[in-house]
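Novice: Structure provided below as structure tokens; questions to follow.
Taken together, the values in this text are just the output of simple stated rules run on the coordinates, not laboratory data. If you're wondering where the values come from, they're calculated on a predicted model, not measured in any experiment. Positions of Cβ are backbone-derived with ideal geometry, glycine not excepted, and every protein chain shown enters the neighbour counts.
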Amino acid sequence: MILIVVSRYNENIEWTKEFPNVLIYNKGEKLDNYTNQIMLDNVGREGHTYYKYIYDNYEKLEDYIIFLQGNPFDHSPNIIQNLKNYINDDKLNINFEFLSEKIITSNLSGCPHHKKLPLIDIYEQLFNERINDMEFKFGAGAQFIVSKNQILKRPKEFYLKIIKLLEYSKNPIEGYVIERFHQFIFN
């Protein structure tokens, strides 16, 4: 089974009604006629939402979880058809894939789009290893699909560490770092 987890602030999420298994984590105004919403404080950007879902549901995860922003179209114009392809694939066998259509190359020593991100320091905090120079790719907009098996390769407390890193502010700098680290976290 695939679950779609949507991190919403005040975006129009009418598009979610096309899919049966959607859980909306709502950090904005309460939605009328959506029984599938969980209200959250508006902290930590979408990363906080994603890792809160994982932490809270660690023992009862679906086989695959798709994590999306409330408006996924900016970074994934073809997201509706892509979601249908995943949902209709009865032989789905992946660990982690970006759903963003813009994949960016970056480096722990510096990101071309956000020059002063503390990439090296946050990497060391999360993975207990200091690496000063490593090239990597990330999906702009922090949208991806991940398998339950891949999530469970890390202990539940690891995800709590990410939540704590993000929950101090509505727009923490660490949120931009976590956006770049989803592939590290799940691989």
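Novice: Calculated FRET efficiency, Y86 and H113, Cβ-Cβ r, R0 25 Å, to nearest 0.05?
Specialist: 0.35
Novice: What pairs from K60/K170; K52/K161; K102/K148; K84/K153; K84/K156; K102/K161 go past 18 Å between their alpha carbons?
Specialist: Cα-Cα > 18 Å for K60/K170; K102/K148; K84/K153; K84/K156; K102/K161; rest within.
Novice: Now, a different point. Which three semi-axes in whole Å describe the equivalent ellipsoid of segment 67-115, each the square root of 5 times a Cα gyration tensor eigenvalue, listed largest first?
Specialist: Equivalent-ellipsoid dimensions as semi-axes: 26, 15, 8 Å.
Novice: If amide H atoms are built 1.01 Å from N in the plane of the peptide, which residues on other chains or at least 5 residues away come under 5 Å of the amide H of K102?
Specialist: For K102, whose amide H was placed from the backbone, the distant partners under 5 Å are A140.
Novice: From the phi angles alone, apply the Karplus equation (6.51, -1.76, 1.60; θ = phi - 60°) to segment 111-126 and give each ³J(HN,Hα) in whole Hz, x where the residue is Gly or Pro.
Specialist: So the Karplus estimates, Gly and Pro as x, are 9, x, 9, 9, 5, 10, 6, x, 4, 4, 5, 5, 4, 5, 4, 7 Hz.
Novice: Run through the DSSP bridge list for the chain and note the antiparallel percent, rounded to the nearest 5.
Specialist: Taking every DSSP beta bridge within the chain, about 50 percent pair in antiparallel fashion.
Novice: How high is the FRET efficiency between K30 and K156 when r is their beta carbon distance and R₀ equals 35 Å, given to the nearest 0.05?
Specialist: 0.75
Novice: So, one more: Let me have the 222 nm mean residue ellipticity of the chain computed from DSSP H runs of 4+ only, each contributing -39500 (n - 2.57), with the sum over all residues rounded to the nearest 500.
Specialist: Helix-only estimate at 222 nm: -9000 deg cm²/dmol.
Novice: Shifting gears a bit: For segment 85-187, what is the charge dipole size about the Cα centre, in debye to the nearest 20, if Lys and Arg each add +1 at the Cβ and Asp and Glu each add -1 at the Cβ?
Specialist: Roughly 180 debye for segment 85-187.
Novice: Out of residues 5 or more away from Q69 or on other chains, whose amide H comes under 5 Å of its own, with H placed 1.01 Å from N in the peptide plane?
Specialist: Long-range HN contacts for Q69: S7.
Novice: How large is the convex hull of the C-alpha atoms of the chain per residue, in Å³?
Specialist: Roughly 114 Å³ of hull volume per residue.
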